[in-house]
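First the structure, in the form of structure tokens, and then the observations on it.
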Amino acid sequence: MSTAGKVIKCKAAVLWEIKKPFSIEEVEVAPPKAYEVRIKMVATGICRSDDHVVNGNLSTPLPGVLGHEGAGIVESIGEGVTAVKPGDNVIPLFTPQCGKCAVCKHPEANNCVKLGLTNPPGTMQDGTTRFTCKGKPIHHFAHTSTFSEYTVVDEISVVKIDAAAPLEKVCLIGCGFSTGYGSAVKVAKVTPGSTCAVFGLGGVGLSVVIGCKAAGAARIIAVDINKDKFAKAKELGATECINPQDFQKPIHEVLKEMTGGGVDFSFEVIGRIDTVMEALSCCHESYGTSVIVGVPPGSQNLSVSPMQLLTGRTWKGAFFGGFKSKDSVPKLVADFMANKFPLNPLITHVLPFEKINEGFDLLRSGKSIRTVLTF
Ligand code: COD
Ligand code: ZN
Ligand code: ZN
């Protein structure tokens, strides 16, 4: 029996308030309105940014359905939708691509004006929500809300991918992989033979390592305070691994000594003010490029001497690896299918969706890279 046009009752992980576990609840998911798409989720990864919402470091209206790294199948579409049809395999896009704004029309930029980063409304584009639980409206998160058996997204926040792609793997292309890989190949534009330093070896940082290797870097120095991450980093292309806690002096000095003056490209993939500064300082003062990938909590600001840049450094940052989401995600899926990069090593755990809190515990304890929840 078709569910199109009807309210669907299903399970979702609702975060009622910060610093509390997710509750698996029965929610009602309204049919998609015009230019909206309802998706049956098949798999979703757990990203640190979801945890930043739980611990209060990233603000979004609650109660809400989090999750932004998913893949699924279109269940039904609203009026006017042309980009996808029921039955299509899709990836929801936390960075939309409206195609009409000045950013979307710019050949390089990807931060579509519809992203609404600074003050996320927690709703669909029309200002209302499609989730209800116990009679209360439940907010959306990051245009995606993948921690639900069904979700509704705006047409600008979803893209069709190869029907043959394994959704329980390519869900990582919805965030962690693309964010890291693109930071290396698209934002920094790592060059063959170069030396790179990657701070933070979570799912995103390891994807930076994959990107540096794909771009032909000769040295990839991986930096993390958890040495258990080093074996995987080496497997994916890191040539050296260092733990800042093993040194008396600041790690940027260590890196400068290791590289005769500084690295060509550095990446901060942790989300801390101190490591953003270390990453900037470790790249060569005359020609180094440092890329900010992580976002430090709340309203923390940096204090930096202009001399750091006047000598010739470049300092950059981007969401979603600088990729225009609708244009790039299907291509990245095709590249994965063509074995141009691996995703399997990033997936350390697979759990049924109901065990979502266990998945977050694995991330918090540093035991997982990516847990994929399956529906
Ligand atoms: N020095 C070195 N390494 C450290 C330090 C430190 N002081 N502190 C932590 N680390 C290591 C941890 O041991 C861990 O291995 C790694 O840093 C972080 O990995 P994860 O698994 O916690 O995180 P990821 O890879 O899932 O995500 C990292 C981000 C930087 C993307 C995330 O934390 C973030 O800042 N998100 C906000 C940016 C954003 O919203 N992006 C868009 C959606 S993700
Ligand atoms: Zn993410
Ligand atoms: Zn746009």
Most mobile listed residue (SER157, SER266, SER299) in the chain, GNM with C-alpha springs under 10 Å: SER299
Which values, in whole Å and largest first, are the semi-axes of the equivalent ellipsoid of segment 140-286 obtained as the square root of 5 times each eigenvalue of the Cα gyration tensor? 32, 16, 14
Ignoring everything except DSSP H segments at least 4 long, calculate the 222 nm mean residue ellipticity for the chain; use -39,500 (n - 2.57) per segment, divide by total residues, nearest 500. -6000 deg cm²/dmol
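For segment 15-158, with every protein chain kept in place, what is the accessible area per residue (1.4 Å probe, Å²)?
Here the per-residue accessible area is 40 Å².
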Taking only protein heavy atoms and a 1.4 Å probe, what accessible area per residue, in Å², does segment 188-345 have with all protein chains in place? 43 Å²
Around ILE220, which amide H atoms from residues at least 5 apart in sequence, or from another chain, sit under 5 Å from its own amide H, with H modelled in the peptide plane? CYS196, THR239, GLU240
Would you look at the GNM of the chain, springs on alpha carbons closer than 10 Å, and say which of HIS284, HIS140, HIS349 moves the most? HIS349
Would you count, across segment 217-375, every pair of lysines whose alpha carbons are under 25 angstrom apart, provided the pair is eight or more residues apart or spans two chains? 24
If every Lys and Arg gets +1 and every Asp and Glu gets -1 at its Cβ, then about the Cα centre the chain yields a dipole, in debye to the nearest 20, of 360 debye
Counting Lys and Arg as +1 and Asp and Glu as -1, each charge on the Cβ, what is the dipole of segment 1-92 about the Cα centre in debye, to the nearest 20? 100 debye
Can you give the extra length, in nm with one decimal, that the chain gains between LYS367 and THR314 once fully stretched, where that is 0.36 nm per residue apart less the Cα-Cα distance? 15.7 nm
Calculate what fraction, in whole %, of the accessible area of segment 292-331 sits on carbon and sulfur atoms when a 1.4 Å probe is rolled over the protein chains. 59 percent
Just need the relative contact order of segment 94-208 here, percent rounded to a whole number, with Cα pairs under 8 Å and 6+ apart. 19 percent
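Where does each of MET277, MET337, MET307 land when they are ordered by accessible area, with a 1.4 Å probe and the largest first?
MET307, MET337, MET277
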Net length gained if the chain between LYS227 and ASP327 were fully extended (0.36 nm per residue, minus Cα distance): 32.3 nm
How high is the FRET efficiency between THR191 and VAL7 when r is their beta carbon distance and R₀ equals 41 Å, given to the nearest 0.05? 0.20
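Can you give the translational diffusion coefficient of segment 242-375 in µm²/s, computed by Stokes-Einstein from the Kirkwood radius over Cα pairs at 10 °C and 1.306 mPa s?
The diffusion coefficient I find is 90 µm²/s.
Expressed as a fraction of 2.2 N^0.38 Å, the rule-of-thumb size for a compact globular protein of N residues, what is the C-alpha radius of gyration of segment 174-224? It would help to have the intermediate numbers written out before the result.
Numbers: Rg = 9.6 Å, N = 51, 2.2 N^0.38 = 9.8 Å.
In units of the 2.2 N^0.38 Å rule of thumb, it is 0.98.
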Each label point is 7 Å from the Cα along the Cα-to-Cβ direction; what then is the distance between the points at PHE247 and SER299, in nm? 3.4 nm
If you average the sequence gap of Cα pairs under 8 Å that are 6 or more apart and divide by the length of segment 200-265, what percent do you get for the contact order? 27 percent
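Determine the share of segment 86-238's accessible area contributed by carbon and sulfur atoms, expressed in whole percent, with a 1.4 angstrom probe.
Values: 3030 of 5420 Å².
Here carbon and sulfur together make up 56 percent of the probe-accessible area.
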Number of Lys pairs (Cα under 25 Å; 8 or more positions apart or on different chains) in segment 2-62: 9
Using alpha carbon centroids, what distance separates segment 203-233 and segment 237-316, in Å? 15 Å
Quotient of Cα radius of gyration and Kirkwood radius for the chain, i.e. Rg/Rh, equals 0.97
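Can I get the semi-axes of segment 21-100's equivalent ellipsoid? Compute them from the C-alpha gyration tensor as square roots of 5 times the eigenvalues, in angstrom, largest first. Could you put the intermediate results ahead of the total?
Working: eigenvalues 123, 46, 34 Å².
Output for segment 21-100: semi-axes of 25, 15, 13 Å.
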Share of Cα-Cα pairs in segment 274-341 beyond 16 Å, whole percent, is 61 percent
Roll a 1.4 Å probe over the protein heavy atoms and report the accessible area of ARG364 in Å², nearest 10. 110 Å²
Would you look at the GNM of the chain, springs on alpha carbons closer than 10 Å, and say which of ASP224, ASP154, ASP162 moves the most? ASP162
Give me the distance in nm between label points sitting 7 Å out from Cα along the Cα-to-Cβ direction at GLU235 and ILE24, one decimal. 2.8 nm
For PHE22, the accessible surface traced by a 1.4 Å probe with all protein chains present amounts, in square angstrom to the nearest 10, to 10 Å²
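Please report the relative contact order for the chain, taking Cα pairs under 8 Å with a sequence separation of at least 6, and give it as a percent rounded to a whole number. Don't skip to the answer; put the middle values down first.
Working: 930 pairs, mean separation 65.4, N = 375.
Result for the chain is 17 percent.
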About the Cα centre, and with charges only on the beta carbon of Lys, Arg (+1) and Asp, Glu (-1), how big is the dipole of segment 171-324? Nearest 20 debye, please. 440 debye
Number of Lys-Lys pairs in segment 64-182 under 30 Å by Cα, sequence gap 8 or more or different chains? 15
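From the protein chains alone at 1.4 Å, what is the descending order of accessible area for PHE94, PHE177, largest first? Kindly include the intermediate steps, with their values, before the conclusion.
Details: PHE94 30, PHE177 0 Å².
Largest accessible area first, the residues go PHE94, PHE177.
The values are calculated or read from the model by the stated rules, or taken from the named source; none is laboratory data. Treat the numbers as computed from the prediction; the structure is a model and nothing was measured. Note that we place each Cβ from the backbone using ideal geometry, even for glycine, and neighbour counts take in every protein chain shown. Calculation scope for accessible area: heavy atoms of the full protein, side chains included, ligands and nucleic acids excluded. Shrake-Rupley method; radii C 1.70, N 1.55, O 1.52, S 1.80 Å.
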